[in-house]
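Single-structure report; data block below.
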Amino acid sequence: MTTLATGDEVAPATTARRAAALRLAPAWACYAVVAAILLATGTPAVDLLRYTLYAALAVVLPGTLVYRSLRSRPHTLVEDLAMGAAVGLVLELGAWAAFLALDAGSWLWCWPLAVLVPYAVAPRLRRHWRVSYPTPVPTGWAWALAAVIAGFTCYLSESFLRLNPVLPTSQGQAQYIDLAFQLSLAGAATHQVPLDVPQVAGEPLHYHWFGFAQMAASSLVSGVDLPTVFFRLVVPAWCALAAVLVAVVGWRISGRPVAGVVAAGLMFTVGEFGFENGVRQLFGTQATFIVWGSPSMTYSWVLLLPLIAAVASVLGRPGAGGVPPLGRGAWVLVTLFLAASTGAKASSLPVLLAALVFTAAVLLVFRRRLPRALLPAAAATLAAQLFATAVLFAFESHGVTVDPFSGLRPYVGAAPDRSPLATVVIWTAVLVGFLLSLQLRLAGAVALLRRRRFRLEPVPLLLLGGALAGPAIYLLVGHPGSSNQYFTRTGFAFGVLLSAWGYAELLDRAALTRRGAVLLGLGAAGLAAALTAVQLRHPATATGRPAYEPVLPLLWWAGALLVAILLVALCWPALVGRWPGLAGRGELLLITAVLVVGAPGLVTDAAAGRHYPNGGAYAVVPMPAARVEAARWVRAHSDPADVVATNAHCRQVVDGWCDARSFWLSAYAERSVLVEGWAFAPRVVGLPGGPYAPFWDQGRLRANDAAFTAPTAAGLAELRDHWRVRWLVVDRSVEVESPDLARLADLRFHNDTTAVYRLR
C-alpha cells in the first residue's frame, strides 16, 4: 500500500535542504568568483574542471578520510576538509616519490585508491565517510573568509595571471626572472626523483623542491599541462587553501571563530605598512608578491599552519572554547607535516625550532617546568632540520651567511663624512622603519599578552616565539638575493595567529552590539579605503640618494598617523561624553586602526602591474614565443630521459661575462639540459660574482658549445654516448649554427630564431 507524505512531513526535509544550501553558498560563491577570474585570464575550461576534480577526489577526499581517522572528534566540516587537504598533499608527495622511483609516473593517477579502497572495505574505516558535525560554521565567518579568498584572487589576477600567459604569445613577452627556473624544477619532477639541476644534467639539486614535485604530481594525476598548472591553477589553489587553514587553525587554537577569519585577513588582505616607491615594498618583502614569485613559500604555509595546530595540541591547548582536542593522532600529524616541511622551504623548520626553544627557555626561567610534550616536539623538529640540512641540502648554504643587519644596511648606506651621531640616528630610523613596515599587523599580540597579564602559557609563547624568530633570523643572516626575507614570511604564520587571537579577545571584552560591530567594520573599511586612495594618488618616489630615502615616506606616514592618534586621544573624554558607547572600547578602536593601515599594500602592488612589466619593478627576462615553441616541440617529440644541449647560456653578456640566468629551454621542454644557465645551481649560489660566476666544468662547456660552432662526428658521438644528449636546440639570436651541423645531425624543427636537431 502506498502512503502519501503529508505537508508536515515534507516541510522539515525541504527546510533542511535549504539550510544546507545556505551553508554551502559562501563556498560556491567563492569558487564561482575564482573560476570566473581564471577563465577570464585564459585558463582552458576543461583544464579548470579537470584540476577541480583532481583536487577534490585525489587530494581532499583521501586526505580528509585519513585526517578523520587521526583526530579524536569532529569539529567542523571546513576544518576536516582544510586539514584533510594538507594531509592529502603530504600523502600525494609520498606517492609521487614511490611511483617515480618505480618508473611508473604515468600510473600516479591511481594513488588515491591506496586510501579509498581500505576506507571503503574495512568496517572500522568505513565510518569516516559520513560524519556529523556538532559545531555549525557561523554564516558571517564563512562569507568573510570567502571574501578574503575572492579578493586575494583578484589581486593575483592583476599582479600575476593577467600578465603571464600560459605560453608566451609574442616575441616581446617579458617574464619575472625566477619563474622559468621554478617551472623547470616542476618539469624535472615529472620524471625524476630525487631532482637534478635541470640546467646542468646530472648535477644534484640540493634545494627545497617539494612544492615543485607537488606541481608535477598534480599535472601527472590531473592530466593538465604543466605550464597551465604553474601559471594558472596551483598558485590560486594553494593561496585559497592557506587562507582557509589560517582561519581554521586560528579558530582551533584560540577557541574563537572570529580569530581565524581575522588571521586570514591579516595574512591575505592586509599588506606591509608604507611603501618604497608605489611598486616595490621595503626590506625585500615585496608585499604579497612572494606568493607567485616564490610559490614554494605559499606551499610551505600550507604545511606549516596545520603543523602549528598539531604542535599546539600536544603542548597543552587540546581543545579551547569548545573545540575538541586532536587527541593522540596529533603526534602523527606532527610527524607528517615535519617530514613534508623538510623540503618545502628552508625557512620553515628553523623558525619552528626557534619558537620551541624560545617557549622552553621562557617557561624554564619563569615557571621552572615544561610541558611533557615540549622536549619531544623540539627533538622531532631538530631531527627534521638535521635531515633537511644533511640529506636534502647536503650542507649547502645557498649563499646564506651570518651577516647581522645586512637587510637594513642598503638603506643606511656608506658615507665617510657622516658623523657618529648621524649614523646612529639613521640606523635607528631604518630599524624603526623595518619594524613598522613588517610588524604592525601583529599589534593584536600586545593586546593578548596584556589582557592575560603576561601569563606564560605554552601555545601563546610558541606563537610569540615564531613571530619573533622570523624577523630576528632575517636581521641575523644575509643573502645576496634577499632570500633571508623568507624567514620573516614564515614568522607571519605564527604572528597573524597570535595577533588575531588578541584581537578576538578585545572584541569579546568590548561586547559590541550588532550595530556597533557594523560600525566598527565600516570604519575599518573606510580607513583602509582612504589610505589606499591617498597612496595611489600620491605614490612616493625613490632615487636612492641618500640611501635612506626609501624609508622616509614610511616614517612620514607613521608620524602623520601618530599625530592623528594623539589628537583622538586628547579628544577621547569629549567623544565618550558625546557617545557613551565608546567607553571602554578605545583599545579596540586603536588596535583596529593599527591592523588596517597596511591594507593599501595589496592594492598598490596589484596596481603596479598596469605600469610595469610582469607586475612590478622586479628583474624580468624576455621570453619570446619562438623559443618556447621550440622547447615545447622537444617536449612533445622526446623521451623524458633524453638530455638536450643548447648554445643559449646567458641572460646577457656584460663586459665579456655571462649572466648565466637562462632557464627557458629546461622550463618548457621539461627535459634536462647538458649546460644551460648555471647561476642557480647550489654550488654557484653565493659565490663571488653572483650570476656572473663561471661554469665549474669548462671541459663540458667547451664540448657543448663545439657541437654548435665546430661540430665533428666524434664530438657529437661523445655528447650522445657519454652525456646521453639526443637533441640540440640552437638559438640563432645567440649565434647561428655551423653549416656542418646539418650534415652530421637531422634538422627536425625550425622557426625564425630557433632550430632543433636530432643526433643520429
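The values are calculated or read from the model by the stated rules, or taken from the named source; none is laboratory data. Since the structure is predicted, the reported quantities are computational estimates derived from the model, not experimental observations. Cβ sites come from the backbone with ideal geometry, for glycine too, and all protein chains shown count toward neighbours. Protein only, heavy atoms only, side chains kept; ligands, DNA and RNA dropped before computing areas. Shrake-Rupley method; radii C 1.70, N 1.55, O 1.52, S 1.80 Å.
Here are the numbers:
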read-out: Ellipsoid equivalent to region 150-196 - semi-axes via the Cα gyration tensor, in Å; value: 25, 16, 8
read-out: Most to least packed among 299-306, 690-697 [average Cβ atoms within 10 Å]; value: 299-306, 690-697
read-out: Kirkwood Rh, Cα atoms: Rg over Rh of region 369-505; value: 1.05
read-out: Under the Debye formula (equal points on every Cα, no solvent term), log10 I(q)/I(0) of region 690-746 at q = 0.21 Å⁻¹; value: -0.84
read-out: R0 of 25 Å, Cβ-Cβ distance R328-T52: FRET efficiency to nearest 0.05; value: 0.15
read-out: Heavy-atom accessible surface of region 649-760: percent carbon and sulfur, 1.4 Å; value: 52 percent
read-out: Spin-label pair L113/D752, simplified geometry with 7 Å Cα→Cβ offset, distance in nm; value: 4.9 nm
read-out: Surface/4 estimate of mean projected area, convex hull on alpha-carbon atoms of region 553-710, nm²; value: 17.0 nm²
read-out: Ratio Rg/Rh [Cα only; Rh per Kirkwood] for region 318-405; value: 1.04
read-out: Net lengthening on full extension, L575/A530 (0.36 nm per residue, minus Cα-Cα); value: 14.0 nm
read-out: Kirkwood-Stokes translational diffusion coefficient of region 479-562, alpha-carbon pairs, 25 °C, 0.890 mPa s, µm²/s; value: 147 µm²/s
read-out: Mean Kyte hydropathy of 0.0 or more with a Cα span along the axis of at least 24 Å, helices from DSSP in the chain; value: 7-40, 77-101, 139-156, 234-254, 295-315, 348-367, 420-439, 458-476, 485-510, 514-537, 552-578
read-out: Region 25-178: C-alpha gyration tensor shape, a/c 1.5 cut-off, then a/b vs b/c; value: oblate
read-out: Net length gained if the chain between V362 and A104 were fully extended (0.36 nm per residue, minus Cα distance); value: 87.9 nm
read-out: For the chain: accessible area per residue (Å², 1.4 Å); value: 41 Å²
read-out: Gyration tensor verdict on region 109-157 (Cα atoms; rounded if a/c is under 1.5, prolate if a/b is larger than b/c, oblate otherwise); value: oblate
read-out: Point-to-point label distance, T15-W28, nm (Cα→Cβ direction, 7 Å offset); value: 2.1 nm
read-out: Distant-in-sequence amide H partners of S672 (H built 1.01 Å from N, under 5 Å); value: V644
read-out: Label-to-label distance, nm, for residues given as T335 and A383 (7 Å Cα→Cβ offset); value: 0.8 nm
read-out: Whole-percent carbon and sulfur share, accessible surface of region 139-193, 1.4 Å; value: 60 percent
read-out: Region 141-270 - Rg (one decimal) and Dmax (whole number), Cα, Å; value: 17.5, 54
read-out: Antiparallel bridge percentage (DSSP; both residues within the chain; nearest 5); value: 75 percent
read-out: Accessible surface of region 553-596 [probe 1.4 Å, protein heavy atoms]: carbon and sulfur percent; value: 83 percent
read-out: Relative packing of peptides 746-757, 641-652 - highest average C-beta neighbours within 10 Å first; value: 641-652, 746-757
read-out: Estimated FRET transfer efficiency (E735, S69; beta-carbon r; R0 45 Å; 0.05); value: 0.15
read-out: Reciprocal of mean inverse Cα separation for the chain (Kirkwood radius, Å); value: 27.7 Å
read-out: Overall form of region 71-113 per C-alpha gyration tensor (a/c, 1.5; a/b vs b/c); value: prolate
